[in-house]
Structures are given as C-alpha cells and as structure tokens.
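Written below as structure tokens is the structure these notes are about.
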Ligand SMILES: [Zn+2]
C-alpha cells in the first residue's frame, strides 16, 4: 500500500449523529471557550488551536489569516475545476487536535482529519501545513456540493471521489501516483474492488481502516478515470448535472452518453478487476 492517509469524511449521516444545528453548538461551547472568529469574503472561520502569541508571524491572527487565504485560494480553484461557487458564506471550524479527537474520534472507525456536517470541521495544526491545506480542499468539496443541492444525498463514491480528486488536483497531482496505481491494481488482482453499488451509501464512516482506505482510493481512481478519459471540463459538467438531475445515471447519460454500468465496466477493465 502507499502511504496510508487518514481518510476524511463528511456526511449527512453525521448531522444526524450530532443533532440538527449542533455542529454550531458544538463549537460555541468549545472546551476552553476560546474560539476566535474571523471572516473573509466566502468563509467564516472559528479556530481554537492553542497558539500562544496573538501577534507576530506565528501568532493566532497570522494563523487565522493564513487559513482564510488558503480557503479563498481553494474556493477559486473549486470554481475553475469543478464549476462550484457557493454563494452563501461557508463556516469552518479548526479544532485543537486533542479537542478534535476527544469530541469526534468516536464518530469514525478510522482516524479522521476532518469532516463536513453542516459546517467544515478540521483537526488543526499550529501552522498552515500542506496537510491542513489538503484537508481544507477536500472538505470544501463536500461543503460546496451540499450548498449546491442540500437535499441531495450523493453516493459516497461520488462525494468522496470528487473530494479526493479535487484535493489531489489542486495540490498539483495530475493523476494517481505510481504507488496508488500499483495499490489499486493489486487490490483488483486480489478481487477486492467493490461495485459502485456497494459504495453508494451516504458515507464510508462505518468502514474499518483497511476497507475505508480502499474505498477512498477506488473512488478517487474512478473519478480520475473519468477525468482522463473524457476531460476535466466534462467531469465538472457531470458533477453539476448529477446535482441538478438528482440522479447519477441521468448525469452519466447526459454528459458521457453512457450509462453508469458501462463506465464502471471500463474502469474495472482498466485496473484489471475481474
Ligand atoms: Zn470526504
């Protein structure tokens, strides 16, 4: 396997777990009550990472501004790559890592670096690391899809596949890394590639670490397959059409002139899955 990445999650199911509106309430009584709020054009940020100094290049104000800069950059890339430009402000909570683990670890069977549940929640760091930026890009896709079609529950392979693809693509990756490619082909040879139907639930939250890693990789690989074969502009049109039509199959027929089953069959053939 390539470097195992902590999968990230979102999910409507989580809103149920937390209770309606409690995503905000969770933050409001943040353990030490020290959430700082700062706004940019498209985002409202709350963060409680334990940073000693308020000023200076390592202070909390500089940190908050860096997070917002990263988010605004991600917003622009999201519009360019996936055609998603949420109009309402998106709310982002950056949690102290220990507090995040205390509060949320029980919601997942694998270590999560962030999730979306009505707002973006990420496990923070004391600096804006490439890893933190990647997680923000990933969760932004979930937030934007939800903002575009709040009542549509997308299959997890599409929701997570788009998030993984955008995170990678925005980070400069054109396709799967050689290690990821080798891993998916190894899983395929072993008969471990699930059907899209089996990955169509609302989230991967209930999966154990190993199956979760495979599910995320497979979802990314399928979206990457579509982007390489038909082009990135068509991928963006596919995503927005699925949201509008409220049907993955109708989106596939309209944009790719194929049904989902035949797209899936071609993907399986490419990676050598039986
Ligand atoms: Zn996700």
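The values are calculated or read from the model by the stated rules, or taken from the named source; none is laboratory data. Remember, predicted model here, so these are calculated numbers, not experimental data. Neighbour counts run over all protein chains shown; Cβ positions are idealised from the backbone, glycine included.
Structure data summary
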item	result
Every residue from the range 204-220 that is in contact (Cβ under 8 Å) with a residue 12 or more places away in the chain and farther than 21 Å from residue 235 by Cα	204, 205, 206, 207, 208, 209, 212, 213, 214
The range 131-158: number of residues that are assigned to a helix (DSSP H, G or I) and more than 24 Å from residue 68 (Cβ to Cβ)	3
Residue tally, condition part of a loop (DSSP other than H, G, I, E, B) and either in contact with a strand residue (DSSP E or B) (Cβ under 8 Å, 6 or more places away or on another chain) or surrounded by 19 or more Cβ atoms within 10 Å (Cβ to Cβ) (or both), over the range 235-274	1
Residue 144 vs. criteria in the same structural domain as residue 102 (by TED's automatic domain parsing) and away from the ligand (no atom under 15 Å from the Cβ)	no
Which listed residue, of 239, 272, is modelled with pLDDT of 95 or more, farther than 24 Å from residue 82 by Cα and touching a helix residue (DSSP H, G or I) at 6+ places or on another chain (Cβ under 7 Å)	272
Residue 72 being surrounded by fewer than 18 Cβ atoms within 10 Å (Cβ to Cβ) and closer than 29 Å to residue 226 by Cβ	yes
Candidate set: the range 103-131, residues that are free of Cβ contacts under 8 Å to residues at least 24 places away in the same chain and farther than 16 Å from residue 205 by Cβ; chosen: the one surrounded by the most Cβ atoms within 10 Å (Cβ to Cβ)	131
